[in-house]
1. Do we find that Ala344 is farther than 22 Å from Ala192 by Cα and in contact with a Gly (Cβ under 8 Å, 6 or more places away or on another chain) in this structure?
2. In this structure, is Arg11 part of a loop (DSSP other than H, G, I, E, B), at pLDDT 70 or above and among the basic types (Lys, Arg)?
3. Inside the range 276-353, counting only strands (runs of 3 or more DSSP E) that do not spill past its ends, which hold 1 or more residues that are among the charged types (D, E, K, R)?
4. Do we have Pro175 as modelled with pLDDT under 90 and of a type outside the set (A, V, I, L, M) here?
5. In this structure, does Arg279 turn out to be in contact (Cβ under 8 Å) with a residue 60 or more places away in the chain, touching a Gly at 6+ places or on another chain (Cβ under 8 Å) and either of a type outside the set (A, V, I, L, M, F, W, C) or open to solvent by 10 Å² or more (accessible area, probe 1.4 Å) (or both)?
6. Could you list, in sequence order, the residues of the range 292-338 that are under 29 Å from Asn352 (Cβ atoms) and either surrounded by fewer than 14 Cβ atoms within 10 Å (Cβ to Cβ) or of a type in the set (Lys, Arg) (or both)?
7. Can you pull out every residue in the range 154-173 that is open to solvent by 40 Å² or more (accessible area, probe 1.4 Å) and under 26 Å from Gly324 (Cβ atoms)?
8. What are the residues in the range 14-59 that are aliphatic (A, V, I, L, M), part of a loop (DSSP other than H, G, I, E, B) and modelled with pLDDT under 85, if any?
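The values are calculated or read from the model by the stated rules, or taken from the named source; none is laboratory data. Computed from a prediction, not measured in an experiment: that's the story for all the values here. Here Cβ is always computed from backbone atoms with ideal geometry, including for glycine, and neighbour counts include all displayed protein chains. With ligands, DNA and RNA removed, areas are computed over all heavy atoms of the protein, side chains included. Shrake-Rupley method; radii C 1.70, N 1.55, O 1.52, S 1.80 Å.
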Amino acid sequence: MLIKSFKTHSRMIAFDLLTGFLGSGKTTLLNAFLQLEAGSDTAVIVNEFGAIGLDQLVYQEFSDDVYLLDNGCLCCTVTHSLRETLLEIKNVAGRLDRPPLRRVVIETTGLADPLPVLHALLGDKLLMQHFSLGQVITTVDAVQGAEQLSLHLESRRQVSLAEHLVLTKIDMAAPEQLAELRRHLQHINPYAQVTLSAIGQAARSVFTSPSSEHRPLGLPRTEQSIDQYPLQHTRHQTAHTHADDISTWSAYLNTRPTWVGVSAWWHLLVQHFDSRLLRCKGLIHMDDQRPFAMIQGVGKVFHSPTFLQVWPDEDPRGRIICIGMGLDPVWLQESLRALTLTEASYRPRTLNELDKCF
C-alpha cells in the first residue's frame, strides 16, 4: 500500500464507490477527473484482484494520494485493509500547500459486489464519524454492457445498487445498441442518474454531480405510487447465467413515520426477505424534533440516519426505495403501515402480526 499525505480537515470527507464490470471504463473515467482542477482534492483507493496492481500507476501521474489494495477482491477479502487505509487518510497530517481533502474515490475490481463493501463501510461507527457516502457510481460498457448484464450476476448487482450510471464508450456503439442498453438499465434501476461518456469526457459532471450531495431520491414523477422493474432475462440461458430476480420497488409516503415505526418496519422487512433484501433508501418526514431524515439499510443492517436542515424539494411526500430479489410489491405496500406504530413493544414478524398491532 502506498502511503501519501495531505491536509486533513474537520468537515466530513465524502467517499464515492466506483464500480463496474471488467473493462467498463472505470480507470479512464477516474483518470480524466484527476486531471481536472476539480479533482485536486480527491484521494483514490484502488482495488486490484491480482498480486500486481497497475491502475494506481496510471493515477499517480496526476495525484499524490493513491493507495493500492491488492491480491484480493474488495467485497470479500480486503475490507479490513480498506478500513485501515481510510483511517490512515483521516489521520495523516497535511501539507500546507494542498487544499483540504473533500473526497475519496474507492475503485473496486470489475468482479466486486458493491453490497458487502457498503455494508462494511456504513456499518463502521468510527469511519462514519469522519466519512459520509457520496455516490455509488457504476460504469457500463455501451458496446458489451447488454451481454454482460445477461450473463453476469455481478454486473446486474453493480447496476442495481448505483445512484449514478455512466454509459462509457458511447462513440463505439450504434444508436440502436445504445437505446437497447438504456432500456435494460431502466428495467434494473429506474432511479439512477444516467450520464453518457466517451474517453472520460463526462468525468467532471459525474464526480461533481448533485447526486454526490443529499438530494431527493429520484422517484418517477407519476401518479402511480408503486413501481416494480424486474430484470428481463434474455432467451439464451448459459451455464454462466444467474437466474436471479433483482427488482426495484418504490413508494411515496403521505404519513409521518415514527422512529418506533421505522424500527418495526425494518424488522418486518428483514424477517420476510432475509438475504434477498439488498438495499433500502428513504427520504422521510418524521414525526420528531428532527423531522427531515435520510435512512439507509444495506443487506439486513439498518444504518444511522442522516438529518437534513430543510426539506430538499417541493414535493412534501416522503419516499422509499427497496432493491432486492423477488420483491413482492403488494406485500411491501401493506408493510408500510408499520411505519406509524408508536408502541415500542410491537415487533411484528408477519403482516398478520402487524394487523394485530392496530
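1. So Ala344 fails the test.
2. It is true that Arg11 is part of a loop (DSSP other than H, G, I, E, B), at pLDDT 70 or above and among the basic types (Lys, Arg).
3. 277-285, 318-325
4. Taking the combined requirement at face value, the residue does not satisfy it.
5. It is true that Arg279 is in contact (Cβ under 8 Å) with a residue 60 or more places away in the chain, touching a Gly at 6+ places or on another chain (Cβ under 8 Å) and either of a type outside the set (A, V, I, L, M, F, W, C) or open to solvent by 10 Å² or more (accessible area, probe 1.4 Å) (or both).
6. Result: Lys300, Val301, Arg317, Arg319, Gly326, Val330, Gln333, Arg337.
7. Across the range 154-173, the qualifying residue is only Glu154.
8. Leu22, Ala51, Ile52, Leu54
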